[in-house]
Amino acid sequence: MLYNFEKPKDAYQIIPQFLTEKGPATFPPYVTFQLVDKCNFKCIMCPRTYIESTNTHFDLDLFKKAIDEISLQGSLIRFIGFDEPFLYKHIKEAISYVKSKKLILHITTNGSLLNSEMREHIVKEKVDSMIFSFQGLSKEEYCAMRAVPLSTYDKVMSNVRSLFHERQNKLPYLKLTTTITSRDDLSCEEEFRREHMQFLDEIQITGFTHFVQVDEYFGRNSIWNELKLKPQKLIKNKKCFYPNYDMIVRANGGVYPCCGSFTEEMKIGNISTQSIREVWDSMELAKVREKTCSGDLEHFSDCKYCPIRYEDEEIKNPVL
């Protein structure tokens, strides 16, 4: 077995060695699955809101086949993407199968669907970590950016608190991540942390909320005036090494170089006809790496409008 991770952070700690033109990992240290082509939120910054959903659900047998292959290497499994994983009709089976193979499992969710039955399953199967994805530093800003009523925020926080109290041996590890804009009162950061850390293990402000995709790719160039925000500035000569260690498999089996891929331009294979290993070692992915690692990020729309290429005048962006 290539990897022997004990917790999700172990997979991320080996990433720095692949942040170079020298070459990729022998096998991806983590594999991300977008289990369903659907989300129950319409967040104004998210490509999912502007792309028609096919409501495709990952074929369970195909998913298990991929997990069988990955289990031979010991990679971290992540349920992340422009979707809400708890909408997947086989989510319980998917969680149970990953854990039956003794793999580390991480799930990122908006937290709205974690009813008592789902929380019980998460705890029983010992899911390793979960991230609750937020926006803003206040209830009002969260609801504005996520286009949801105030009651949704209350429901999410109730689910977070319940899972925190119901978990066993501090599993899953619970983290909240949020992005912010100049609309947020940055002086409220400590209050935000103090309020939420009662029911979490970690809070991370991951940088600025990104609207360049919404503006330049999806054509909603009024977004800046609507939100009373300044457009973010382009960083020149930015290189990206994500394809050296990252990949995402979407619900239709298609494989893409990173979890930020939102178009079909960068499709590098399909696990319906290929193994994970075949895609990872393919010429298609090698060509993507050649472009991104050299800094030719204008070549693909996914890269051209990626947040790592932009900076905010007021808010630091810690994305690699």
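The values are calculated or read from the model by the stated rules, or taken from the named source; none is laboratory data. Just so it is clear, the structure is predicted and the values come from calculations on it, not from any experiment. Ideal geometry is used to build each Cβ from the backbone, glycine not excepted, and the neighbour counts take in all protein chains shown. Accessible surface areas use protein heavy atoms only, side chains included; no ligands, DNA or RNA. Shrake-Rupley method; radii C 1.70, N 1.55, O 1.52, S 1.80 Å.
At a glance:
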read-out	value
Residues of segment 174-215 that turn out to be touching a helix residue (DSSP H, G or I) at 6+ places or on another chain (Cβ under 8 Å) and over 30 Å from Lys9 (Cα atoms), as a count	3
Tabulated pairs, segment 287-301, first more than 15 Å from Lys236 (Cα to Cα), second assigned to a helix (DSSP H, G or I) and of a type in the set (S, T, N, Q), C-beta under 8 angstrom, 6+ apart or interchain	Arg289/Asn244
Members of segment 110-125 found to be open to solvent by less than 40 Å² (accessible area, probe 1.4 Å) and more than 22 Å from the chain's Cα centre (by Cα), listed by number	none
Of the criteria (1) surrounded by 15 or more Cβ atoms within 10 Å (Cβ to Cβ); (2) without any contact (Cβ under 8 Å) to a residue 40 or more places away in the chain; (3) farther than 30 Å from Tyr217 by Cα; (4) not hydrophobic (A, V, I, L, M, F, W, C), which one Asp68 fails	(1)
So Glu52, is it more than 26 Å from Ala144 (Cα to Cα), among the charged types (D, E, K, R) and either at pLDDT below 95 or assigned to a loop (DSSP other than H, G, I, E, B) (or both)	no
Subset of segment 213-245 [open to solvent by less than 10 Å² (accessible area, probe 1.4 Å) and within 19 Å of Ala147 (Cβ to Cβ)]	Val214, Ile223
Filter pass, Ile248 being under 18 Å from the mean Cα position of the chain (by Cα), open to solvent by less than 20 Å² (accessible area, probe 1.4 Å), closer than 23 Å to Phe134 by Cβ and modelled with pLDDT of 95 or more	yes
Qualifying residue in segment 189-205 (condition: over 16 Å from Gly111 (Cβ atoms), open to solvent by less than 80 Å² (accessible area, probe 1.4 Å) and either part of a loop (DSSP other than H, G, I, E, B) or among the small types (Gly, Ala, Ser) (or both))	no
